[in-house]
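The values are calculated or read from the model by the stated rules, or taken from the named source; none is laboratory data. Because the structure is a prediction, the values reported are computed rather than measured. Glycine also receives a Cβ, built like all others from the backbone with ideal geometry; neighbour counts cover every protein chain displayed. In case anyone asks, the SASA skips ligands and DNA or RNA and just uses the protein heavy atoms, side chains included. Shrake-Rupley method; radii C 1.70, N 1.55, O 1.52, S 1.80 Å.
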2 protein chains.
Amino acid sequence: MKFGPIEFRHLRYFTAVVESKSFRAAAQRLHVSQPPLTRQVQQLEELLGVSLLERQPRGVELTAAGAVFYEEARNLLALAEQAIDRTQMAAQGQLGRLDIGVFGSAVFDAIPRVIQAFRLAYPKVDIVLHNLDRAGQIRALRERRLTVGFNRFFVEEVGLLWDVVLHEQLNVAVHEAHPFAKRERLNFDDLADQPLIVYPRTSRPSFIDQVLSMFHSRHLTPQIVQEVDDVVTAIALVSSGFGLTLASDSALTLRLPGVVYVPLEVTEAQIDLCMIRRADDESALLRAFINVVHAVLPPRG
Amino acid sequence: MKFGPIEFRHLRYFTAVVESKSFRAAAQRLHVSQPPLTRQVQQLEELLGVSLLERQPRGVELTAAGAVFYEEARNLLALAEQAIDRTQMAAQGQLGRLDIGVFGSAVFDAIPRVIQAFRLAYPKVDIVLHNLDRAGQIRALRERRLTVGFNRFFVEEVGLLWDVVLHEQLNVAVHEAHPFAKRERLNFDDLADQPLIVYPRTSRPSFIDQVLSMFHSRHLTPQIVQEVDDVVTAIALVSSGFGLTLASDSALTLRLPGVVYVPLEVTEAQIDLCMIRRADDESALLRAFINVVHAVLPPRG
DNA sequence: CCGTTGCGATACCTGAGCGGTATCGTTCCG
DNA sequence: CGGAACGATACCGCTCAGGTATCGCAACGG
């Protein structure tokens with residue numbers, strides 16, 4: 001007689017017999033007749049080359065090896081259940097890993113809010129944040145190292161899709177000693193002859209270019225006194241009295257000593273936060289994340 | 001179409017397809033043709049209600065859920081292998097749990113030597129020592145809480161078997177200030193009028209009765225000045241100059257200040273160590289342990 | 001003491017389902 | 001545009017899981 005490899009059937013039958021201490025009782029429990037049970041357990045024993053049960057006039061008793069195998073079998077069956085559960089959860093986007101690319105001032109407010117909400121709704125999903133500039137995000141998306149990316153703006157890229165997920169207002173960051181600090185609102189004309197700190201220096205075009213185009217459309221030329229890498233450095237310079245800078249709403253959570261934020265005139269002074277993803281990514285996880293993003297971030301800035 | 005429950009076959013086929021990134025290649029690896037593979041994987045997906053693979057013109061790609069299930073499947077297959085290994089080891093007595101009952105002075109030398117040797121030969125067997133007197137050992141053996149018991153002697157018990165596993169010589173423990181401390185050997189006549197400490201007080205008959213019968217067979221009557229519970233207490237009293245006591249070779253490892261051991265005349269002054277076990281216990285673990293006992297303890301005391 | 005009862009094992013049969021061959025539809029490549 | 005390679009499908013044969021009937025054995029009750 002030649003037997004194939006072990007199957008879950010052997011484990012189910014064996015554990016049922018052990019738990020019922022009887023072939024007949026186990027057969028009832030499993031809704032099969034008794035002879036197949038006998039046969040499967042015999043096969044299992046032959047397969048293992050080990051006697052698992054001691055057949056006695058009144059029911060069966062486990063051997064030492066049988067006790068060991070019973071524990072193992074129970075464990076395997078439970079793990080198989082778990083495997084199915086976990087797979088089905090993964091299919092519904094409730095389990096897995098989400099790699100998110102972030103860059104710029106959105107990391108200070110919008111992204112944390114999104115992530116907090118997502119973790120609450122999908123606690124078994126591991127979220128990994130990657131600080132990558134736009135080019136890095138696009139490369140990582142293509143190489144499947146990233147599921148979504150956030151950036152100030154994107155251009156059309158084959159195989160990728162992007163949406164604007166948030167409109168933010170612009171604010172002027174000034175030192176409290178500056179006369180603007182007392183103003184309720186400011187407009188672009190006010191800024192034209194002020195010492196302006198701009199960012200980011202690399203990864204252009206970006207936030208700065210959007211800002212500059214707003215100046216140009218008003219036929220204004222800002223006085224750029226310093227270019228820095230990021231918003232934190234820019235605000236730090238403002239804090240030291242070096243000049244003014246512009247910041248999105250997300251940056252308002254950045255509180256540095258002596259720095260006051262004054263809202264800029266609303267008209268057209270909007271800055272976008274965009275989300276980019278693969279066009280062919282139809283995973284439930286991504287869909288779930290997009291839903292959370294749109295639920296958390298207001299449809300209108 | 002109605003499918004039964006998941007089987008290991010599904011896991012083996014699925015993992016092979018994932019690892020080969022192709023149904024055809026996996027089919028070769030598994031020594032089956034391609035169509036059954038397709039069918040089993042389709043069944044698996046239907047069983048789970050989840051799409052696991054993305055069929056593409058050049059081979060297959062895992063979905064997110066598929067990646068999760070692949071990890072689970074690998075794990076399950078590995079654990080199944082382990083389960084078989086462990087069961088086979090248990091059948092050979094290389095894995096399991098050995099409950100050993102011990103009592104009296106043998107715990108100081110003979111038993112530790114046996115256990116050390118056994119642990120070396122069977123490292124995956126858990127050894128649990130239980131300090132039980134003879135009656136406790138017999139009850140525990142009957143209730144299967146014990147595999148073997150060691151004691152000074154046993155009487156015939158239905159369902160149980162016992163063997164003498166060690167003959168030990170008797171020694172006289174005296175204080176170094178006592179004149180006997182300088183003697184090379186002593187005999188029973190020397191002890192007749194000496195203040196004798198005897199043990200154990202309970203669990204009779206035991207060591208003390210064996211000793212007393214040696215006196216009586218020589219028509220001697222020892223001067224018992226104190227009965228104590230165990231050999232440690234007896235030696236402690238000797239250490240404080242209270243009197244003499246008799247101790248087996250195993251007790252020689254008990255070194256207390258001022259205590260000197262002098263061997264007793266060899267003839268008939270032997271004390272047995274016995275091992276008791278269930279008559280119906282044919283486990284490989286017990287057989288292995290008995291072999292170690294006989295290998296470690298000298299066949300002649 | 002012996003018939004009864006309950007256990008697991010065995011013998012034999014039937015059909016579901018696993019694996020086989022042949023072939024299809026699609027996509028990629030030369 | 002024809003050929004090659006992929007997975008899916010159709011269909012077939014045979015293995016083997018599960019069914020029924022029965023056996024052999026041990027424990028128990030009258």
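Overview of values
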{"quantity": "Rg/Rg_globular for the range B:189-271, with Rg_globular taken as 2.2 N^0.38 Å and Rg from C-alpha atoms", "calculated": "1.02"}
{"quantity": "Within the protein assembly as shown: Cβ-based charge dipole about Cα centre, in debye rounded to nearest 20 (Lys, Arg +1; Asp, Glu -1)", "calculated": "1520 debye"}
{"quantity": "Zone of A:Q169's modelled label, taken as backbone nitrogen in the range A:183-216 under 16 Å from a point 7 Å along Cα→Cβ", "calculated": "A:183-188"}
{"quantity": "For the range B:50-77 and the range B:135-183, distance of Cα centres in Å", "calculated": "63 Å"}
{"quantity": "Where rotation carries A onto B, the chain A residue whose Cβ is nearest that axis, in whole Å", "calculated": "A:E7, 2"}
{"quantity": "Binned Cα-Cα distances of chain A, short to long, each 20 Å bin given as a whole percent", "calculated": "27, 32, 19, 16, 7, 0"}
{"quantity": "Using θ = phi - 60° and Karplus 6.51 cos²θ - 1.76 cosθ + 1.60, couplings along the range A:35-42 (whole Hz; Gly, Pro as x)", "calculated": "x, x, 4, 3, 5, 5, 5, 4"}
{"quantity": "Label-to-label distance, nm, for residues given as B:N131 and A:R139 (7 Å Cα→Cβ offset)", "calculated": "7.0 nm"}
{"quantity": "Chymotrypsin sites (Phe, Trp or Tyr not before Pro) restricted to the range B:1-59 and DSSP loop, no more than 12 other C-beta within 10 Å", "calculated": "B:F3"}
{"quantity": "Placed amide H near B:H130: partners under 5 Å, 5+ positions off or other chain", "calculated": "B:I100, B:G101, B:V102"}
{"quantity": "Chain pair B, A: total accessible area buried, heavy atoms, 1.4 Å probe, Å²", "calculated": "2300 Å²"}
{"quantity": "Contact order normalised by residue count of chain B, Cα under 8 Å, 6+ apart, percent", "calculated": "22 percent"}
{"quantity": "Karplus-derived HN-Hα couplings along the range B:232-241 (A = 6.51, B = -1.76, C = 1.60, θ = phi - 60°), whole Hz, x at Gly and Pro", "calculated": "5, 4, 4, 5, 4, 5, 4, 4, 8, x"}
{"quantity": "Distance histogram for the range A:8-91 (every C-alpha pair counted, 10 angstrom bins, percent rounded to whole numbers)", "calculated": "18, 48, 24, 9, 1"}
{"quantity": "³J(HN,Hα), Karplus 6.51/-1.76/1.60, whole Hz, each residue of the range B:274-284, x for Gly, Pro", "calculated": "10, 10, 10, 8, 6, 5, 8, 8, 10, 5, 5"}
{"quantity": "Neighbour net charge for A:P112 - beta-carbon separation under 14 angstrom, K R +1, D E -1", "calculated": "0"}
{"quantity": "Relative contact order (%) - the range B:168-271, alpha-carbon pairs under 8 angstrom, separation at least six", "calculated": "51 percent"}
{"quantity": "Heavy-atom accessible surface of the protein assembly as shown: percent carbon and sulfur, 1.4 Å", "calculated": "51 percent"}
{"quantity": "Average partner coverage of A:59-69, which counts Cβ from other chains inside 10 Å", "calculated": "5"}
{"quantity": "For the protein assembly as shown, convex hull volume per residue from C-alpha positions, Å³", "calculated": "274 Å³"}
{"quantity": "Dipole of the protein assembly as shown [Lys/Arg +1, Asp/Glu -1 at C-beta], most positive-end residue of B:F103, B:N75, B:I276", "calculated": "B:N75"}
{"quantity": "Approximate spin-label separation A:R74-B:R183, in nm, with each point projected 7 Å along Cα-to-Cβ", "calculated": "6.1 nm"}
{"quantity": "For chain B, calculated [θ]222 nm from helices alone, where every DSSP H run of n ≥ 4 adds -39500 (n - 2.57)", "calculated": "-12500 deg cm²/dmol"}
